[in-house]
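Enquirer: Below: one structure in structure tokens.
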Amino acid sequence: MRTLIGALLAIASTVASAQDYPAKPIHMLVPFAPGGAVDTTARVLAQAMQQRVNWQFVIENRPGGNGFIATTAVAKAAPDGYTLLMAHTGEFAVNPALFDNVPYELERDFVPITMVSDAPMLYLANSAAPFNNFQELVAVAKAKPGAITFSSAGSGSINHLAGEWLAQAAGIQLVHVPYKGGAPAAAAVAAGDVHFGVMAAPGAIPHIKSGRGKVIGITTAKKSPLDPSWATPRDAGIPDLDASIWVGLFAPRGTPQAIIDRVNAEVRQTLNLPEVQKRFVESAGAEAVWMTPAEFLARIKNDAERYKRVVQKAGVKPG
């Protein structure tokens with residue numbers, strides 16, 4: 001009887017804490033410097049949540065270590081709902097395929113709360129490149145194997161893997177040229193140092209507007225909310241390619257389910273707001289996407305399997 005009473009009291013206490021949550025600011029850790037896709041997503045969501053339900057967030061940027069620094073900090077944090085992680089495809093779907101010793105495990109250390117945004121990357125070519133679309137790129141690459149170069153934000157980056165994935169799916173040979181970050185990789189395309197590059201939309205837009213870059217297509221099967229005229233791989237008969245940059249919210253393993261459910265529900269209502277959806281499109285070329293924790297976990301595991309195959313086939317090593 002005492003055991004049953006104790007269990008009922010624990011449940012009642014958890015429910016009460018979820019109803020009172022949050023009673024103080026929530027720290028949201030970001031594994032990257034300000035200005036990137038993950039940071040932008042965190043700030044758009046935090047501002048919208050504050051305006052809608054008056055939740056207070058403290059965004060903490062902890063870049064470095066391939067995302068390990070911020071991610072492990074959240075894994076070790078108290079599971080009380082006051083330390084959350086805003087991470088992207090790289091931390092949970094790419095890093096396990098790249099590194100032999102990742103200091104965290106998704107299902108052991110975290111509870112996925114929900115995806116927040118999902119965006120394609122662009123295959124941006126120099127304006128003078130001898131191809132204008134996927135079909136022409138494939139034709140040139142097959143005529144001159146190993147002659148076409150592409151840039152990325154670094155070896156093992158999601159951008160790099162999207163380039164290798166294109167080569168594998170289309171049956172062509174491409175030469176990867178890594179740079180230290182997305183900005184120099186995009187600048188290399190604009191300068192003609194490489195034929196094309198793989199990058200997030202915000203990094204490509206200035207070069208499209210200047211006329212120094214042209215969009216060959218996007219990396220996802222789904223059309224871009226920023227410009228639906230951009231070709232998908234499936235439009236060009238390359239159905240196996242579907243690489244996106246998703247950003248999502250995670251809590252430390254052990255966080256009460258009632259708090260997970262509360263955060264998930266409030267994020268869902270916030271992402272449903274038309275003005276919030278518009279901000280994601282305008283700031284990152286992204287779509288606001290809500291999922292249940294189970295749906296998000298399944299998506300991450302599916303992506304991890306696909307990137308593992310790309311990494312192994314291409315022999316990719318982290319930069």
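Enquirer: At a Förster distance of 35 Å, what's the computed FRET efficiency of GLN50 paired with ASP240, Cβ-Cβ distance as r, to 0.05?
Expert: So the FRET efficiency works out to roughly 0.25.
Enquirer: How much of the accessible area of segment 166-319, probe 1.4 Å, is carbon plus sulfur, in whole percent?
Expert: 52 percent
Enquirer: Can you work out ³J(HN,Hα) from phi for every residue in segment 227-240, in order, using Karplus 6.51 cos²θ - 1.76 cosθ + 1.60 and θ = phi - 60°, giving whole Hz and x for Gly and Pro?
Expert: Once rounded to whole Hz, the list reads 7, x, 7, 5, 6, 8, x, 5, 4, 9, x, 10, x, 7.
Enquirer: Which one of LYS209, LYS76, LYS142 has the biggest mean-square fluctuation once the chain is modelled by GNM with Cα springs under 10 Å?
Expert: LYS209
Enquirer: State the extension gain, in nm to one decimal, for the chain segment bounded by SER283 and LYS313, taking 0.36 nm per residue of separation less the distance between their alpha-carbons.
Expert: Once the chain is fully extended between SER283 and LYS313, it gains 7.4 nm.
Enquirer: Taking R0 as 22 Å, what's the FRET efficiency between ALA33 and ALA78 from their Cβ-Cβ distance, rounded to 0.05?
Expert: Step by step, r from the Cβ atoms, then E = 0.30.
Enquirer: Let me ask you something else. Treating cross-link reach as a plain straight distance, find the lysines whose alpha-carbon is under 24 Å from the alpha-carbon of LYS76, omitting any fewer than eight places away in the same chain.
Expert: The qualifying lysines are LYS24, LYS301.
Enquirer: Expressed as a rounded percentage, what relative contact order does segment 195-295 have, with Cα pairs under 8 Å and six or more residues apart?
Expert: The normalised contact order for segment 195-295 reaches 24 percent.
Enquirer: Same structure again: Over the Cα atoms of segment 208-316, Rg to Rh with Kirkwood Rh, two decimal places?
Expert: 1.03
Enquirer: Mind giving me the nanometre distance, one decimal, between the label points for ARG268 and SER210, set 7 Å out from Cα along Cα→Cβ?
Expert: 4.5 nm
Enquirer: Can you list residues from other chains, or at least 5 along the same chain, whose modelled amide H is less than 5 Å from the amide H of PHE110?
Expert: The answer is ARG253.
Enquirer: Could you tell me how far the Cα centroid of segment 269-305 sits from the Cα centroid of segment 125-199, in Å?
Expert: Going from one Cα centre to the other spans 27 Å.
Enquirer: Next question. What does the accessible area per residue of the chain come to in Å², with a 1.4 Å probe and no ligands, DNA or RNA counted?
Expert: 44 Å²
Enquirer: Next question, about the same structure. Considering the values [x] 1.02; [y] 0.99; [z] 1.05, which represents Rg/Rh (Cα atoms, Kirkwood Rh) as calculated for the structure under consideration?
Expert: [x]
Enquirer: Tell me the GluC sites (Glu not before Pro) within segment 104-148 that lie in a loop according to DSSP and have at most 13 other beta-carbon atoms within 10 Å.
Expert: Answer by residue number: GLU105.
Enquirer: How much of the DSSP beta bridge set in the chain is antiparallel, as a percent to the nearest 5?
Expert: 65 percent
Enquirer: Whole Å is fine, so just give me how far the alpha carbon centre of segment 227-267 lies from that of segment 42-116.
Expert: Measuring centre to centre over Cα atoms gives 14 Å.
Enquirer: Counting only C-alpha contacts under 8 Å and six or more residues apart, can you give the relative contact order of the chain as a whole percent?
Expert: Relative contact order of the chain: 26 percent.
The values are calculated or read from the model by the stated rules, or taken from the named source; none is laboratory data. Please read these numbers as outputs of a predicted model, since none were measured by experiment. As a convention, Cβ positions derive from the backbone with ideal geometry for all residues, glycine included, and neighbour counts pool all protein chains shown. Just the protein is used for accessible areas: all its heavy atoms, side chains included, with ligands, DNA and RNA removed. Shrake-Rupley method; radii C 1.70, N 1.55, O 1.52, S 1.80 Å.
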